[in-house]
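**Q** Can you read through this structure? Questions will come right after.
None of the figures in this text is laboratory data; all of them are computed from the coordinates on show. Only a predicted model underlies this, so the values are computations on that prediction, with no experimental measurement involved. Positions of Cβ are backbone-derived with ideal geometry, glycine not excepted, and every protein chain shown enters the neighbour counts.
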Amino acid sequence: MVQQPFDDSPTGLQATDYVVHLWKRRFWIVGLSLLALVGTYVGLWLFHPNVFETRALILVREQPRMNNMENDKPGIDPPSFRGMFTSDEVIEYVRRQYNTMVEDGFFDGEPEGQHAVIETPLEKLRPRFRTASSATVDTTIITEYSPVIELQVRGNSQGQALALMNLWTSHLLEKYGNLLNEEARFLIDSTRRRTEDLKQELGTIVAQQTELQAERELIEARIDSNLRQLTWAPRRKQEAPVDNEIIGFNMYSGPRESSLTIEQNKIEGPMGLYELQTQLLLEKTRLEARNSDGALNEELAQLEAEIAEVETRIPEIEQQVRTGSATAAALASQIASLGVELNRLQYAVRLNSTVGAPAEALLRAVDEEAGEGDPLSDSIRRYGTLRLLSKPVVPQEKIWPRRSLLSLGAGGGLFLLLILIFIGELYLRASLRLQTASKA
């Protein structure tokens, strides 16, 4: 007697049963899968147009800068241009120009051919026009972008993609290619107004700084006087840097050396309270050593009174020194803050003087070389904001649809689906037979 293998399947089906069942359905599985593969390929060939893509590169030239510390970035960043390049107005203009050229027979006889009027709604046409610009520096404070913008256009034929790109780039250069000149004119007016404001701010800062510096010198003189009362010992003194050297480096003069000197001022005059206290304490020690018989009690009492008077006077003067030092430190902090503000204003003045002149020279060169009544002349283009770095070329291969890949995916997917369906069919039949047998 042959022992049956253990089977925990509720229907009693073995793996061989599924294989045999699928083999019986092999013609359906293979036939339908091949039909899906061929049908998908033919359907894509007949009903889905080819998509070709062409590319071009546009350089965004550096824009004039607003010469103040609050706004020291280019006027227009590449991401802003990307938004302008793909605006509805621009895309609609390109579509109208292309349709007009097709209707007028402009593209007749081209080897690329296959030009047709674009009737796609604007919302569906917009994704065909794409822009890209990479970030070169990305931090939590500022993001700098590459000045090169990549343009991408997709069309239903090689000729259509190339024509749309040519129309697009030409329109962008004509519409936005001279923003530099407009920004230069605005910059000249802005720098002149800014210069007048900076003059007034500088005058106010210098007056405040001079007043605080004079007050600080008086307080430091009082501190020196109090210190001379405390001690005659020379002290080291560090002179404050002159000529506004809070920021010791700038882009115009380079690093500057700070003139720090250390002086030892020997003050001639009576000894200080510290030295007097020390001398009196030593004298008291000597008297106490010699006063074994009490004969020097009177002198010792007088000496202790002098010591008490000195010890009372020292804390008063020390407190005056501390108070004066705190006041001098507060004034020094205010002077330093004014110095920082002064450096900021001086830097803004330098930027105003360096950027305003090139803007005037730019406009002067454009006005001299541009022809009258011809705002799109070659001379103005040469000084414009945009420059076409890489012209589009005829695309060689379509980027979509991938008929072979999609057909294989459709056929393979249906193949797996049919296997699952027929496995389910066998399982369902076996379950129904089992239920019928149990009821009988």
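**Q** What whole-number distance in Å separates the alpha-carbon centres of segment 289-347 and segment 164-233?
**A** Their Cα centres are 41 Å away from one another.
**Q** Now a separate question. So what J values fall out for segment 333-342 if you push phi through Karplus, 6.51 cos²θ - 1.76 cosθ + 1.60 with θ = phi - 60°, rounded to Hz, Gly and Pro as x?
**A** Listing the rounded values in order: 5, 5, 5, 5, 4, 5, x, 4, 5, 5 Hz.
**Q** Using the Karplus curve 6.51 cos²θ - 1.76 cosθ + 1.60 with θ = phi - 60°, what ³J(HN,Hα) values do you get for each residue of segment 271-284, in whole Hz, with x for Gly and Pro?
**A** 5, x, 5, 4, 5, 5, 4, 4, 5, 5, 5, 5, 5, 4
**Q** Got a sec to turn the phi values of segment 178-192 into Karplus ³J(HN,Hα) couplings, 6.51 cos²θ - 1.76 cosθ + 1.60 with θ = phi - 60°, whole Hz, x for Gly and Pro?
**A** 10, 5, 4, 5, 5, 5, 5, 5, 5, 5, 4, 5, 5, 5, 5
**Q** Between D77 and S404, take the C-beta separation as r, use R0 = 51 Å, and let me know the FRET efficiency to the nearest 0.05.
**A** 0.75
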